[in-house]
Amino acid sequence: MRCVSILAALCFVSAAATAQDEQAPVDDILSELDLLSQAEDDPFAAVADTEAREPVSVTLRALNKITARYTDLEIKMNEIAHFGSLEIQPRTCDKRPPEEFPETSAFLEIFDKEFENRQSDLKIQEPEVIEDEIAATELDVLPGEAVGEAPIADDRQSEAVNMPAPEVLDGPQAEGVNIFRGWMFASTPALNALEHPVYDVWVIDCKTKSADN
């Protein structure tokens, strides 16, 4: 009988402890970090909130390949900056918040006022005719080797080309031939770069402001 009483007492104590654990407040289960994140004065409470922002200006670096001199240009949206024979007009830009992977991008329109003159100065040379041509020898193709296939395009480059263009707002119109219109990325300047024999342009920074202001 004594053993039965002791066993019953142990069962009663175990059941009471289980019931107490089930009724324990949530604050005792959460970690100290979780409790701090739920506080009203949490300094990081608004990190997850995405604030709508609109572009103000974009900072570009323009390089003259002949003189090896560069200039940093801060241009407001839809305004025109002159660098040599180029007229650069940013349409929009975007900069990721600090908590995300750093990236700055801008949609630019670049015009060259001397493009037609530069094209007319180029002289096309006729290929030299060689009387005694060397017979071409066919090379053996190794098993499994691909012949004549086009190179695989970079997915990021195709994504940059397929990104939607911003709506063109009313403003000053640049002069010359439009030699570039698209997105440029600060982290990868060569992804969608300006192809020009004299000048080079890439993105440095983007300034934005709150859309509520």
Legend entry - Local net charge near Leu86, Cβ-Cβ under 15 Å (Lys/Arg +1, Asp/Glu -1): -4
Legend entry - Cα→Cβ-extended label distance, 7 Å offset, between Ser85 and Gln119, nm: 1.2
Inset, instruction - Could you check the simple spin-label distance between Thr71 and Leu191, using points 7 Å along Cα→Cβ, in nm with one decimal? - result: 2.8
Inset, instruction - Starting from the Cα of Lys113, draw a straight line to each of the lysines and keep only those under 26 Å, dropping any in the same chain fewer than 8 residues away. - result: Lys65, Lys76, Lys123
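Since every read-out is calculated from the coordinates, none of them should be taken as a lab result. Keep in mind the model is a prediction, meaning the values are calculated, not measured. Because the Cβ atoms are built from the backbone with ideal geometry, glycine has one as well, and the counts that use them run over all protein chains shown.
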